[in-house]
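In what follows, a single structure is set out as structure tokens and then discussed.
The values are calculated or read from the model by the stated rules, or taken from the named source; none is laboratory data. Being a predicted model, the structure only gives us computed values, none of them experimental. Note that we place each Cβ from the backbone using ideal geometry, even for glycine, and neighbour counts take in every protein chain shown.
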Amino acid sequence: AALVTVMFSMGEMVTANQSLDEDTFQLLGAELGYDIQIRSVEDEDREILEAFNIDLEAEEAAEGEDDLVARPPVVTVMGHVDHGKTKLLDAIRSDDVAGAEAGGITQRIGAYQVTVEHDGQDRAITFIDTPGHEAFTQMRARGAEVTDIAILVVAANDGVMPQTIEALNHAQAAGVPIVVAVNKIDVEGASPDKVRGQLTEYGLVAEEYGGDTMFVDVSAKQRINIDELLEAVLLTADAALELTANPNKAARGVAIEAKLDPGRGSVITALIESGTLRVGDAIVAGSAHGTVRALFDDHGLPVDEAGPSFPVQVLGLQSVPSAGDSLLVAEDSRQARQIADKREAARRAATLAKRRKRMSLEDFNEALRAGQVETLNLIIKGDSSGTVEALESSLLELEVSEEVALNIIHRGVGAITQNDVNLATVDSAVIIGFNVRPAERVADYADAEGVEMKFYSVIYDAIDDVEAALKGMLKPIY
Ligand code: GDP
């Protein structure tokens, strides 16, 4: 039987639709007598590395208890806009006495580490310094799972809001334990208990209500209960997770930020997952390669090495990888370059495959006729909240058959952003832009990810197209 290869990236697997696709492929293949092999981008990369005798899984499997040491949890702060994510990250950072003693001024490198006393021991916690689930989603879309624990910030004067739910959905989908920070308890009218009540509906039941989620009432502004929150993070980590890594091997990690610095060249912030990264190491990050020229910690101080869960700025790559790309140490610079080249070639092929794959209104139309789909996911962006609301309510009023549903997964005012494209990627959504367009960079990104964007300036045109797609009668556009 012929071998058919289907490519997809891990990020897409997180939606139920996509794993259904996988099953469907298998069934279909069996039916037709094909041996269907489903390979993810991760599988592809594993093969590339195996060709260089690097097998990350075998490496881990071979590690004994003796090789493993405890590593700090990595935490992402999520929640609704204005509920205090940034303020909380600032409060945690500036409360860190050990950091202040270390001297250097805190640099924003994308992550930082604090030390807290817990059970008479000094324990470190690493924070991803980009609040919100956008970065989290983007990294997951690239297959990077760096977050161990999510702090869900909910303002006690505002309560659970749409992005609160979005954030907790993202964390739960990723299987990441949640600690709830009920923030702004200093504000008049704050009602922390109401937040606890609201969140029970989403499966987050406070310990004091008999559940297993820790809720901590805090004020990021007045720095109330920040220590208690960090304590809760450690307790949750200790109860739910086994956080260990082998520091005594070549480093493996993830690039969580990457940029081109006019003076220093390609600069990335890496979070080391296992092993230890050292100055002089030959490294590959995504399809960028180079030799570590210098390492800096989150205080801007040079360091010689970085171990597990440690965020460091890395200088020395010859090009700029993408946030979420994995980083590893190669045997020598020649091998690093070869791996980078292979990955670049694989990436090109995957981009081409993706471009033909994701949902467009026409695809939906066809899949609908073939009886393969029943939900059209849309993201609506418009130039004013009035038009967005008008378009959304008109679309939701569309009379479609019982088998077909329209799901507006996100809406907003303003230009189409990279986050919109990421969301569309994860949920196979089509983006509708009403009197707005994306920046060129975002358009290129959508193109590379195979996300369809449709632009309208007349509401009825948008409604007509969506209605036609939902009814499976869209006219082909040539
Ligand atoms: P983000 O959008 O979630 O990152 O929210 P920010 O951290 O930017 O906070 C939004 C606003 O709420 C800012 O004006 C903060 O000063 C304010 N804020 C954040 N935390 C608190 C708090 O604990 N108490 C009070 N009173 N205001 C807060």
Among the candidates 267, 216, 314, single out the residue that is surrounded by 15 or more Cβ atoms within 10 Å (Cβ to Cβ), touching a strand residue (DSSP E or B) at 6+ places or on another chain (Cβ under 9 Å) and closer than 30 Å to residue 193 by Cα.
216
Out of (1) more than 16 Å from the ligand (Cβ to nearest atom); (2) surrounded by fewer than 20 Cβ atoms within 10 Å (Cβ to Cβ); (3) under 26 Å from the mean Cα position of the chain (by Cα), what's the single condition that is false for residue 109?
(2)
Among residues of region 288-306, those that are surrounded by fewer than 23 Cβ atoms within 10 Å (Cβ to Cβ) and either closer than 19 Å to residue 129 by Cβ or among the charged types (D, E, K, R) (or both), counted:
10
Given the conditions (1) touching a helix residue (DSSP H, G or I) at 6+ places or on another chain (Cβ under 8 Å); (2) not in a helix (DSSP H, G or I), every one holds for residue 268 apart from (1)
Looking at region 396-422 only, could you name the residues that are in contact with a helix residue (DSSP H, G or I) (Cβ under 7 Å, 6 or more places away or on another chain) and assigned to a helix (DSSP H, G or I)?
418, 419, 421, 422
Any idea which of 436, 388 is under 19 Å from residue 466 (Cβ atoms), in a helix (DSSP H, G or I), over 18 Å from the mean Cα position of the chain (by Cα) and of a type in the set (Val, Ile, Thr)?
388
Are there any strands (runs of 3 or more DSSP E) wholly within region 151-263 with 2 or more residues that are modelled with pLDDT of 95 or more and more than 14 Å from the ligand (Cβ to nearest atom), and if so which?
178-183
Any residue at all in region 60-69 that's over 23 Å from residue 160 (Cβ atoms), at pLDDT 90 or above and either away from the ligand (no atom under 16 Å from the Cβ) or in a loop (DSSP other than H, G, I, E, B) (or both)?
yes
Within region 181-221, the residues that are among the basic types (Lys, Arg) and farther than 20 Å from residue 88 by Cβ are none
For residue 27, only one of the following conditions fails: (1) modelled with pLDDT under 80; (2) more than 23 Å from residue 254 (Cβ to Cβ); (3) surrounded by 19 or more Cβ atoms within 10 Å (Cβ to Cβ). What is its number?
(3)
I'm trying to understand the selection: among the residues of region 294-336, which are farther than 21 Å from residue 107 by Cβ and part of a strand (DSSP E or B)?
326, 328, 329, 330
